[in-house]
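Enquirer: I am attaching a structure below and will ask some questions about it afterwards.
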């Protein structure tokens, strides 16, 4: 059982027996008023998004999803192919169902595919993934005038902001829970 | 290892320091005396939805309000304080459990005087950091030139929603409607002063003489962000005790900790002259002035970084 203060982006809860994923979350508190937890929830089966506001005492059941360990294989258009690590069976998940997860999928990445009534409806990623920077501005060592982050593109096409010292071609760790740069990987 | 997330906040923290210095200068020039009241107190103000952080047998204050008012009651006439305050569990893009509050109080004044002072303070801060009469916040241009828009809570409900403030209160939807339908639209073109709160949301404000269904309380909004909360202070001891008891009842019904009644404050309150007081969130104000979307961008460390 979850309570409202557990709500965060990516949490999966059951509403009217359907699995929903929190796609946006904001803590609000109007002056002298009560704490409110504002969410956007995406129905993981239909793809429809609803806005819901919860109060502190509200509770939720976790979405009842089966997790199957699989490996990401490749992509063809909107179709992403995964292989079940136990049965070697291949399955397809649509780009829409993947949401932000598609930003972190590199070949052979081990993920947990989420099954609802025998249908694959999404994936659970490791909290951190390593991706290579394929495009970013040059930085001259010792230049401290630019402490601000700079835009970069990683191998999956995902764009984010990274510290100035990270150079093109380097491997970085990204936190998949918020999509932000975490550290540089020493190779 | 270099802490880059911290390094990139250098400019923001430099500007923040300038803003705080300017705030001090503003109040010093106006004859206010800077106060330092204790952070650790035995009896926080009983408020339904503000949870104090325990510190031994006592608590870290959620605001210096009660101590500041005891100073007014003891004869201090114009006082201000910039201090750290703690509120348990408040974390989001606009909340951090340890934050910086500016409070100022003046005797023989009401909340209208504070509305004017808010305008002058924020205008002078914008000039100080080179913004002039406009700030851009999340892509919106907010014009700071006086006069600012003043809207009653009732008007705000009429403008942004299909129900009245009264109906929202009766249906227990006041906070939800406020957060979802009203607040995001406040302070987009000009700063907005939202005033005359319904009796039920009076907090520590006195009721309006000509219309006791509303309280002399206002909140200041810039770019949809709540920046400050002000009162013509409640000085009637009996009334104040009733408000505290009702807040305690709400706390009890929600299963929250009940704090000791602030008896020393109540005893001294009868000596407090008619006064006005305001609490302004410094981190939030810095966010607006520096166009930061998250409070994390304008503080030295977030709790998660410690």
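Coordinate-derived values only; no laboratory data. As the structure is a computational prediction, the values presented were derived from the model and not from experiment. Cβ coordinates were reconstructed from backbone atoms using ideal geometry, including for glycine residues, and neighbour counts include every protein chain displayed.
Enquirer: Would you compute, from DSSP H runs of 4+ residues alone, the mean residue ellipticity of chain B at 222 nm, taking -39500 (n - 2.57) per run and dividing by the full residue count, rounded to the nearest 500?
Expert: Numbers: 10 runs with 102 residues, N = 306.
After summing the helix terms and dividing by the residues of chain B, the value is -10000 deg cm²/dmol.
Enquirer: For the pair residue B:245/residue A:14, report the inter-label distance in nm, with labels modelled 7 Å from Cα in the Cβ direction.
Expert: 4.6 nm
Enquirer: Can you figure out the FRET efficiency of residue A:116 with residue A:139, using R₀ = 35 Å and their beta-carbon distance, to the nearest 0.05?
Expert: Details: r = 45 Å, r/R0 = 1.30.
So the FRET efficiency works out to roughly 0.15.
Enquirer: Taking only the alpha carbons of the protein assembly as shown, what extent do you get along each of the three principal axes, in Å, biggest first?
Expert: 80, 56, 47
Enquirer: Okay, moving on. Provide the FRET efficiency to the nearest 0.05 for the residue B:43-residue B:253 pair, computing r from the beta carbons and using R0 = 22 Å. Show your work: numbers first, answer last.
Expert: Numbers: r = 20 Å, r/R0 = 0.92.
Computed FRET efficiency for residue B:43 and residue B:253 comes out at 0.60.
Enquirer: Find the relative contact order for the range B:144-235 and round it to a whole percent, using C-alpha pairs within less than 8 Å whose residues are 6+ positions apart. Each step should come with its number before you reach the end.
Expert: On the way: 161 pairs, mean separation 24.9, N = 92.
The normalised contact order for the range B:144-235 reaches 27 percent.
Enquirer: Could you tell me what % of all Cα pairs in the range B:64-208 have separations over 28 Å?
Expert: Tail of the P(r) past 28 Å holds 31 percent of the pairs.
Enquirer: Same structure again: How big is D, in µm² s⁻¹, for the range B:4-305 by Stokes-Einstein at 10 °C and 1.306 mPa s if Rh is the Kirkwood radius over C-alpha pairs?
Expert: Working: Rh = 19.9 Å.
The calculation lands on 80 µm²/s.
Enquirer: Follow-up. For chain A, what is the mean residue ellipticity at 222 nm derived from helices alone (per DSSP H run of n ≥ 4: -39500 (n - 2.57); sum divided by total residues; nearest 500 deg cm²/dmol)?
Expert: Numbers: 1 runs with 4 residues, N = 187.
Only helices count here, giving -500 deg cm²/dmol.
Enquirer: Now for a separate question. For the range B:233-261 and the range B:47-82, write down the distance between their C-alpha centroids in whole Å.
Expert: Computed from Cα coordinates, the inter-centre distance equals 15 Å.
Enquirer: Extension gain residue B:11-residue B:124, at 0.36 nm per residue separation less the Cα-Cα distance, in nm?
Expert: On the way: separation 113, 0.36 × 113 = 40.68 nm, distance 1.97 nm.
Result for the pair: 38.7 nm of gain on full extension.
Enquirer: For chain A, set up a Gaussian network in which alpha carbons nearer than 10 Å are linked by springs, and say which option among A:99, A:169, A:31 fluctuates the most.
Expert: Greatest mean-square fluctuation among the candidates belongs to A:31.
Enquirer: Over the Cα atoms, compute the radius of gyration (one decimal) and Dmax (the largest Cα-Cα distance, rounded to a whole number) for the range B:1-52, in Å.
Expert: 17.5, 47
Enquirer: Next up: Short version: what are the Cα gyration tensor semi-axes of the range A:87-162, square root of 5 times each eigenvalue, largest first, in whole Å?
Expert: Numbers: eigenvalues 241, 26, 20 Å².
Equivalent-ellipsoid dimensions as semi-axes: 35, 11, 10 Å.
Enquirer: Then there is this: For a footprinting-style exposure proxy, rank A:139, B:4 by other Cβ within 10 Å, fewest first. Don't jump to the answer; show the numbers that get you there.
Expert: Values: A:139 15, B:4 19.
The order, fewest Cβ neighbours first, is A:139, B:4.
Enquirer: Using only the Cα atoms of the range B:137-239, each taken as one equal point scatterer with no solvent, compute I(q) by the Debye sum, divide by I(0), and report log10 of the ratio at q = 0.17, 0.21 Å⁻¹.
Expert: Values, matching the q order: -0.78, -1.11.
Enquirer: Also, I was wondering about something else. Once the Cα atoms of the range B:1-128 are picked out, what are the Rg and Dmax in Å?
Expert: Reported Rg and Dmax, both Å: 16.7, 55.
Enquirer: On each of the three principal axes of the Cα atoms of the range A:1-111, give max minus min coordinate, whole Å, ordered largest first.
Expert: 55, 25, 22
Enquirer: Also: State whether the range B:226-301 is rounded, prolate or oblate according to the following rule on the C-alpha gyration tensor (a ≥ b ≥ c being the square roots of its eigenvalues): a/c under 1.5 gives rounded; otherwise a/b larger than b/c gives prolate, and the remaining case gives oblate. Don't skip to the end; give the middle numbers.
Expert: Details: a/c = 3.10, a/b = 1.68, b/c = 1.85.
Judged from the Cα gyration tensor, the range B:226-301 comes out oblate (a/c at least 1.5, b/c at or above a/b).
Enquirer: For the range B:182-223, just list the percent of Cα-Cα distances falling in each 10 Å bin from zero outward, please.
Expert: 33, 39, 27, 1
Enquirer: Subtract the Cα-Cα distance of residue A:106 and residue A:153 from 0.36 nm times their separation in residues, and report this length gain in nm to one decimal. Kindly include the intermediate steps, with their values, before the conclusion.
Expert: Numbers: separation 47, 0.36 × 47 = 16.92 nm, distance 1.40 nm.
Gain on stretching residue A:106 to residue A:153: 15.5 nm.
Enquirer: Inverting the mean 1/r over all pairs of different Cα atoms, compute the Kirkwood radius of chain A and quote it in Å. Could you put the intermediate results ahead of the total?
Expert: Working: mean 1/r = 0.0542 Å⁻¹.
Result for chain A, one decimal place: 18.4 Å.
Enquirer: Based on the Kirkwood radius over alpha-carbon pairs, what value in µm²/s does the Stokes-Einstein equation return for the translational diffusion coefficient of the range B:121-176 at 20 °C and 1.002 mPa s?
Expert: For these conditions, the coefficient is 155 µm²/s.
Enquirer: What is the distance, in nm, between label points placed 7 Å from the Cα along the Cα-to-Cβ direction at residue A:87 and at residue B:53?
Expert: Here the answer is 5.1 nm between the modelled labels.
Enquirer: A further question on this structure: For the range B:263-306 and the range A:1-72, what is the centre-to-centre distance using only Cα atoms, to the nearest Å?
Expert: After rounding, the separation between the Cα centres reads 30 Å.
Enquirer: At 7 Å along Cα-to-Cβ for each site, give me the label-to-label distance between residue A:50 and residue B:134 in nm.
Expert: Once both label points are built, they end up 4.3 nm from each other.
Enquirer: OK, next. For residue A:167 and residue B:30, what is the calculated FRET efficiency with R₀ set at 45 Å and r taken between the beta-carbons, to the nearest 0.05?
Expert: Numbers: r = 53 Å, r/R0 = 1.17.
The calculated FRET efficiency here is 0.30.
Enquirer: What percent does the relative contact order of the range A:1-87 come to when contacts are Cα pairs within less than 8 Å and at least six residues apart? Spell out each step's value before the answer.
Expert: Working: 167 pairs, mean separation 23.5, N = 87.
Result for the range A:1-87 is 27 percent.
Enquirer: Now for a different question. Semi-axes of the range B:72-145's equivalent ellipsoid from the Cα gyration tensor, sqrt of 5 times each eigenvalue, largest first, rounded to whole Å?
Expert: Working: eigenvalues 132, 97, 22 Å².
Each semi-axis is the square root of five times an eigenvalue, giving 26, 22, 10 Å.
Enquirer: Output the relative contact order of the range B:4-305, whole-number percent, from Cα pairs under 8 angstrom with separation of 6+ residues.
Expert: On the way: 562 pairs, mean separation 71.4, N = 302.
Relative contact order here is 24 percent.
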